[in-house]
1. Sticking with the crude label model, points 7 Å out along Cα→Cβ, report the distance from ARG213 to ARG6 in nm, one decimal please.
2. When we measure straight from the Cα of LYS256, which aspartates and glutamates land under 18 angstrom away, once same-chain ones fewer than 8 places off are left out?
3. Below 16 Å, Cα to Cα, which aspartates and glutamates can LYS275 reach? Residues fewer than 8 away in the same chain don't count.
4. First select every other residue whose beta carbon is under 15 angstrom from the beta carbon of LEU308; then total the charges, Lys and Arg +1, Asp and Glu -1.
5. For the chain, place one equal point scatterer on every Cα, skip the solvent, and apply the Debye formula. What is log10 of I(q)/I(0) at q = 0.06, 0.11 Å⁻¹?
6. Please identify, among GLY261, GLY219, GLY66, the residue showing maximal mean-square fluctuation in a Gaussian network model of the chain using a 10 angstrom Cα cutoff.
7. Calculated from DSSP H runs of 4 or more alone, at -39500 (n - 2.57) each and per residue, what is the 222 nm mean residue ellipticity of the chain, nearest 500?
8. If you plug each phi of the stretch 277-293 into the Karplus form 6.51 cos²θ - 1.76 cosθ + 1.60 with θ = phi - 60°, what whole-Hz ³J(HN,Hα) values come out, in order, with x for Gly and Pro?
Amino acid sequence: MWIFGRKGASGFSASSTAEDVTEGINGTGLTAIITGATSGIGMETTRVLALHEVHVIMAVRNTESGRSIKENILKKIPNAKVDVMELDLSSLASVRNFAAEFISSGLPLNLLINNAGVMAPPFMLSKDKIELQFATNHLGHFLLTQLLLETMKRTSHEQKKEGRIVNVSSEAHRFAYKGIYFDNLNDESSYSPIYAYGQSKLANILHAKELTRHFKENGVNLTANALHPGSIATNLLRYHNIVDGMVDWVGKYFLKNIPQGAATTCYVALHPQVKGVSGEYFMDSNIAQPNSYGKDEKLGKELWDISLTMVAP
Ligand SMILES: NC(=O)c1ccc[n+]([C@@H]2O[C@H](COP(=O)([O-])OP(=O)(O)OC[C@H]3O[C@@H](n4cnc5c(N)ncnc54)[C@H](OP(=O)(O)O)[C@@H]3O)[C@@H](O)[C@H]2O)c1
């Protein structure tokens, strides 16, 4: 519970907000892509990065909603640099279109914030016939990252600045099936909405660790970290009306609010304390420990190889 949160080594705690953890930071000259910027944590991350003069690309599946959020941000921050681009992470074709359009814009890319997510829906397949949570939360972000890596490397080289990839994971990675069910990814009969959500969030952690291994091997000035944002009342519970109602009722006492929920993302994306830190798992704007699967290099490598095969055109 955030109300009892103590400050960690970073000097921040569960009650710190996204504005608290970025106070005094100047993001001028940085460009960020934030997925799922139309709601909850992604929307607040967009606002706070824009407040710090970062040029934010809102990568969203509902561009109408994206444009209306952009207008609201501009009313409060008239000099904000915010653009809206269409991205449906549950479609590999849409991810490819987005990346091609972004690359052809010639913009640099310093920060990639893989935030969008769906939680515990009934069994559904994506447009590519892959279980929806694995497809949206992991595979779409995996392909997006792959396609944008060259732009991030070039930007970090030209600007002589570290680029950062931030995967918004969850403590729910502890509820994954035993590791990742590679053989049963799309099997409806063994599907558990919560375990499959946990599995996709475990994949977010392993993805950041495996990216780190590649960056270190190739001497690339990029980092990749994963994080748990806290428990926050957002639209994430849209598939669970009863729980959602209870959360609305008790949430204000026990859950983080959205400015607190976006804090760890903004901290990992912008804070100088995180310079050079890669392959870590953060919580409440401090380094934390994932479970043993989240540290399993062999599992991370297997996930990487299988993901590469699954996104191959
Ligand atoms: N809230 C929590 O307590 C909590 C706890 C741990 C981890 N997290 C993680 O935090 C992240 C953000 O969640 P949130 O709480 O802010 O939830 P949210 O309010 O439901 O926001 C999720 C965002 O993801 C977008 N999205 C969903 N499917 C997409 C797709 N196929 N393509 C593109 N965008 C898509 C949604 O777009 P639409 O607006 O179009 O639906 C929305 O903008 C998620 O990764 C979640 O797993 C949240």
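FYI, it's all coordinate maths here, none of it is from the lab. Every value quoted in this text rests on a predicted model; they were computed, and no experiment measured them. Every residue, glycine among them, receives a Cβ derived from its backbone with ideal geometry; neighbour counts consider all protein chains shown.
1. Label-label distance for ARG213 and ARG6, simple model: 3.5 nm.
2. GLU19, ASP20, GLU44, GLU171, ASP244, ASP248, ASP284
3. Within the straight-line cut-off, LYS275 pairs with GLU162.
4. Computed value for this residue: -1.
5. Cα-only, vacuum Debye calculation for the chain: -0.17, -0.61.
6. Comparing GLY261, GLY219, GLY66 in a Gaussian network model of the chain, the most mobile one is GLY219.
7. For the chain, the value works out to -13500 deg cm²/dmol.
8. Result, rounded to whole Hz: 8, 8, x, 9, 10, 10, 8, 6, 6, 9, 5, 10, 10, x, 6, 5, 5.
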